[in-house]
Amino acid sequence: MSEDKPKNLSRKWSQVISVGWFLAFRQIKGSNKSTTFLIIFIMMLTFLNLVVVSGILVGLIEGGRVANKKQYSGDVIVTTLAGENNIKRTNEIESTLIKMSGVQNISTRYISSGQVEANYKTRRDFSTPKDIAGTQVTGINIQDEEALSGISNYVDEGSFLNETESGYIVLGKNLLRRYSEDFGDVFASIEGTYPGDEVKVTVGKNTKTFIVKGIVSSKVNQVSLRAFVTKQDFLRLVDKADLNANEIAIRINPNSKITPDGTKANLINAGFANDGKIQTAVEATPEFLNQIRIAFALLGNVIGLIGIVVASITIFIVIFINAVTRRKYIGIMKGIGISEKAIEVSYIIQSIFYALIGGLIGLLITFVLLVPFFDAYPLNFPFSDGILVAPIGETMFKFGLLLLVTLLAGYIPARNIVKKNTLDSILGR
Amino acid sequence: MIKVKNLTKTYKTKDIETPVLRGIDLNVAPGEFLGIMGKSGAGKSTLMYQIGLLDHPTSGEIILNSKNTEQMSTEERTQMRLSELGYVFQDYALIPELTAVENVMIPLLMKGFSKSESCDISIKMLERIGLSHRVDNKPGQLSGGEQQRVSIARAMAHNPKILFADEPTANLDTISGYSIIQLFKELHDKGQTIVMVTHEEEYAKYCDRIIYLEDGKIVREVKQK
Ligand SMILES: Nc1ncnc2c1ncn2[C@@H]1O[C@H](COP(=O)(O)OP(=O)(O)OP(=O)(O)O)[C@@H](O)[C@H]1O
Ligand SMILES: [Mg+2]
């Protein structure tokens, strides 16, 4: 006999579910179509509110971080230590990196503060101020830089430098007034200046003229505020006692198992910790971006949670009104022997139905419409191209959260009505 | 089949106590068709609710199918209503969004029959009751007499040991009311135990025995067969 018990219990549950299911879908079928549509619509909006608001807020920052990593730092970056002029033993670091497992490519950059002067030929007399912009003159190996950041893709006007040519320069767009005037007086910038124009570049006591080859457009400061020349031209312009560089950006093979932290550790283990400042892309992200990201994520979640509360109240009211107006029928069903659990399950299934359909539509809109849309047309922000960040795991968690909250919001009022005295319910007292 | 001993029921509100049943003793034999009559307010419905396990008496004993019902848990009482009792209410008490056949199906589903089994049994039951052409109509699309037939089909589909009916004909015209009573008679002829409350002497004729309630007590008993 005792062996029968669990079997009986599970059979009972399957009956409870099947009756609950039956009742729930007859009720949904019999309910007002526009009301059903409206409730589903609310659930969809709640889900989108939960996913999209925080996703876009985080995406504003994430867009900046992604661009920073892609166009500037790579996965790991070595920079000059504070108080030093350059990265010591650059050459050894380079040759170690090239042999290091997981490293896909590196770009070594030579950087010096300098000035770009334009329009000096049309300057009327020496009393008018020079048209000058301060910049970081950056000497690069064209092939290496191209492999690491694909910098030529960001050329807005003209074209990028060429390994075989000398005397050309590519300017970051924010050095030019026509691009940077929106920022007010943040940067000193130069007038006019198009590809083909001549500019004077001064580093220390040396000045050389260059022909502007192109303008690169980016929201990453390390691109948009720099002036790029070839490594050879840089060394000709700048007096250097050695060949030590100022930046080594490292890209890890995306298919390798090595992490940025692992690569950083490899470099430190190889003994380069005191030669340069070794940072992963995350560490190299400006601290203010990290802080904004945390604040935005919090803000997005708070807004989303308020949405969830509103949605659960909506479901609560819908189920409550439904159950109250149907109290007599609930009583009759109990009277003829339908278990309380089955009736409660019917209401839980109804509320889950609304959340499930609404949430699924929301998921569809998020992944089929919004994410591709924002990838194609990012939100234009001064410091980033805002994308929609909706990681599958987190999004599914929010979907589950919505279902769980709706389940409770449907169960509580249903339970309250169902547990009322059967006869009182039937007789309406 | 039914044994009631010294049953009392007193409704209590804050400061008023209304004694409605004042000591009822009653036995119903298997297969018996019992009629309960009495003036309005005599306590007929109240008595039926107690015996039908829809309410708890204030004191006394109710034994159904040799089970003492006062010691049962709420779940056991629900289970008993589902498997051994059937109800026909004065106002039909059908679920409005379910069709005739679906109304009959729910207790069967609850008993563990599959959907198709329940559907087959329900359609057979509705056919037996003369409603084969109305199975897919919702209650709102049926006449009062038809609704009461659906309600009887629902009460009978799972072969209850006892069928309770509280003024099943009160809302019906003479012809529909008469056909309902005919239906009860047919069920009774096949051995169904029935307890029915009615106001109509005309319909009471079909009962094996009639008890008359007055002021919460059985004042008269008439055996007809
Ligand atoms: N919840 C309640 N609280 C107080 N008194 C009640 C309650 N329910 C019923 N009564 C009273 O109990 C008495 C019997 O009611 P009952 O419904 O059993 O009568 P009845 O014989 O079925 O009458 P009718 O023929 O009108 O249906 C009535 O006087 C009624 O007012
Ligand atoms: Mg009554």
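How would segment A:1-137 be classified by its alpha-carbon gyration tensor: rounded, prolate or oblate, with rounded meaning a/c under 1.5 and the a/b versus b/c comparison settling the rest?
Oblate shape, in that a/c is at least 1.5 and b/c is the bigger or equal ratio.
Principal axis lengths of the protein assembly as shown from Cα atoms, whole Å, largest first?
Here the spans come out as 131, 55, 52 Å, largest first.
To two decimal places, what compactness ratio does segment B:175-224 give when its Cα radius of gyration is scaled by 2.2 N^0.38 Å?
1.21
Could you tell me which of B:His199, B:Leu47, B:Thr69 has its Cα farthest along the dipole of chain B towards the positive end, charges placed at Cβ (Lys, Arg +1; Asp, Glu -1), taken about the Cα centre?
B:Thr69
Show me you know the interface measure: the accessible area buried between A and B, both chains summed, probe 1.4 Å, in Å² to the nearest 100.
2400 Å²
To test your reading of the geometry: what angle, between 0 and 90 degrees and rounded to tens, separates the Cα axis of helix A:90-99 from the longest principal axis of chain A?
Long axis of A:90-99 versus the principal axis of chain A: about 50 degrees.
What number, in nm² with one decimal, is the all-direction average of the projected area of the convex hull of the alpha-carbon atoms of segment A:55-206?
Spelled out: convex hull of the Cα atoms, projected over all directions, averaged, 12.7 nm².
Using alpha-carbon positions, what is the distance between the centroids of segment B:54-71 and segment B:1-45, in Å?
Centre-to-centre (Cα) distance: 12 Å.
Rounded to a whole number of µm²/s, how large is the Stokes-Einstein D of segment B:2-223 at 20 °C and 1.002 mPa s, given Rh as the Kirkwood radius over C-alpha pairs?
Estimated via Stokes-Einstein, D reaches 119 µm²/s.
Across the residues of A:351-360, average count of Cβ atoms on other protein chains within 10 Å?
Averaged over the peptide's residues, the number is 0.
Which net charge results when you count Lys and Arg as +1 and Asp and Glu as -1 among the other residues whose beta-carbon is under 13 Å from that of A:Pro413?
Neighbourhood net charge equals +4.
What does DSSP give for chain B in terms of the percent of beta bridges that are antiparallel, rounded to the nearest 5?
55 percent
So for segment A:184-269, Kirkwood radius off the Cα pairs, Stokes-Einstein at 20 °C and 1.002 mPa s: how many µm² s⁻¹?
129 µm²/s
With everything on Cα atoms, drop me the angle between helix A:392-418 and the longest principal axis of chain A, reported from 0 to 90° to the nearest 10.
Around 20 degrees separate the two axes.
Springs between alpha-carbon pairs under 10 angstrom, Gaussian network model over chain A: which of A:Ser31, A:Ser217, A:Ser166 fluctuates most?
Between A:Ser31, A:Ser217, A:Ser166, it is A:Ser31 that shows the largest mean-square fluctuation.
Please work out the C-alpha center-to-center distance from segment B:159-220 to segment A:110-136 and express it in whole Å.
110 Å
Give, as a single signed number, the net charge of other residues whose beta carbon lies under 10 Å from the beta carbon of B:Leu142, with Lys and Arg counted +1 and Asp and Glu -1.
That sum, taken over residues with Cβ under 10 Å, equals +2.
Could you tell me which residue out of A:Leu235, A:Val170, A:Ile215 lies farthest along the dipole of segment A:81-275 toward its positive end? Charges go on the beta carbon: Lys and Arg +1, Asp and Glu -1, centred on the Cα centre.
Of the listed residues, the answer is A:Leu235.
Run the accessible area of segment A:81-275 with a 1.4 Å probe and give the carbon-and-sulfur part as a rounded percent.
Carbon-and-sulfur percentage of accessible area, whole number: 46.
Using 0.36 nm per residue, how much length does the chain from A:Glu181 to A:Trp13 gain when fully extended, once their Cα-Cα distance is taken away?
53.5 nm
Sorted by average packing, counted as other Cβ atoms within 10 angstrom per residue and highest first, what order do B:213-224, B:48-59 take?
B:48-59, B:213-224
In degrees from 0 to 90, rounded to the nearest 10, what is the angle of the helix B:144-156 Cα long axis to the longest principal axis of chain B?
Taking Cα atoms only, the helix is inclined about 80 degrees.
Would you mind giving the mean number of other chain beta-carbons within 10 Å of the Cβ of each residue in A:414-427, as a whole number?
2
Ignoring ligands, DNA and RNA, how do A:Asp75, B:Asp25, A:Asp385 rank by accessible area with a 1.4 Å probe, largest first?
Greatest to least solvent exposure: B:Asp25, A:Asp385, A:Asp75.
Please list B:His158, B:His133 from largest to smallest accessible area, probe radius 1.4 Å, with all protein chains kept in place.
Descending accessible area places them as B:His133, B:His158.
If the elastic network links every pair of Cα atoms under 10 Å, which of A:Gly83, A:Gly192, A:Gly55 fluctuates the most in the Gaussian network model of chain A?
A:Gly83
Among A:Tyr72, A:Asn105, A:Thr36, flag the residue with its Cα farthest along the positive direction of the charge dipole of segment A:11-130, charges on Cβ as +1 for Lys/Arg and -1 for Asp/Glu.
A:Thr36
Determine the dipole magnitude for segment B:1-132: charges of +1 sit on the beta-carbon of Lys and Arg, -1 on that of Asp and Glu, nothing else is charged, the reference point is the Cα centre, and the result goes in debye to the nearest 20.
The dipole magnitude comes to about 340 debye.
Which of B:Met105, B:Met37, B:Met72 moves most in a GNM of chain B, Cα contacts under 10 Å?
Evaluated over chain B, the most mobile residue of the options is B:Met72.
Evaluate the charge dipole of segment B:2-223 about its Cα centre and quote only its size in Debye, nearest 20, assuming +1 on the Cβ of each Lys and Arg and -1 on the Cβ of each Asp and Glu.
Magnitude of the dipole: close to 360 debye.
Hey, rough spin-label estimate for A:Leu379 and B:Lys225, points 7 angstrom out along Cα→Cβ, what's it come to in nanometres?
8.2 nm
Given charges of +1 on the Cβ of Lys and Arg and -1 on the Cβ of Asp and Glu, with all other atoms neutral, how large is the dipole of the protein assembly as shown about its Cα centre, in debye to the nearest 20?
Charge dipole of the protein assembly as shown: 1520 debye, to the nearest 20.
Say each of B:Asn137 and A:Phe25 gets a label point 7 Å from the Cα, pointing the same way as Cα to Cβ; how far apart are those two points in nm?
That separation, rounded to one decimal, is 2.6 nm.
Just to verify a number: FRET efficiency for A:Arg236 and A:Arg123, C-beta to C-beta distance, R0 = 22 Å, to 0.05?
Between A:Arg236 and A:Arg123 the formula returns 0.30.
The values are calculated or read from the model by the stated rules, or taken from the named source; none is laboratory data. This is a predicted model, so every value here is computed, not measured. All Cβ positions, even for glycine, are placed from backbone atoms using ideal geometry, and neighbour counts span all protein chains on display. Protein only, heavy atoms only, side chains kept; ligands, DNA and RNA dropped before computing areas. Shrake-Rupley method; radii C 1.70, N 1.55, O 1.52, S 1.80 Å.
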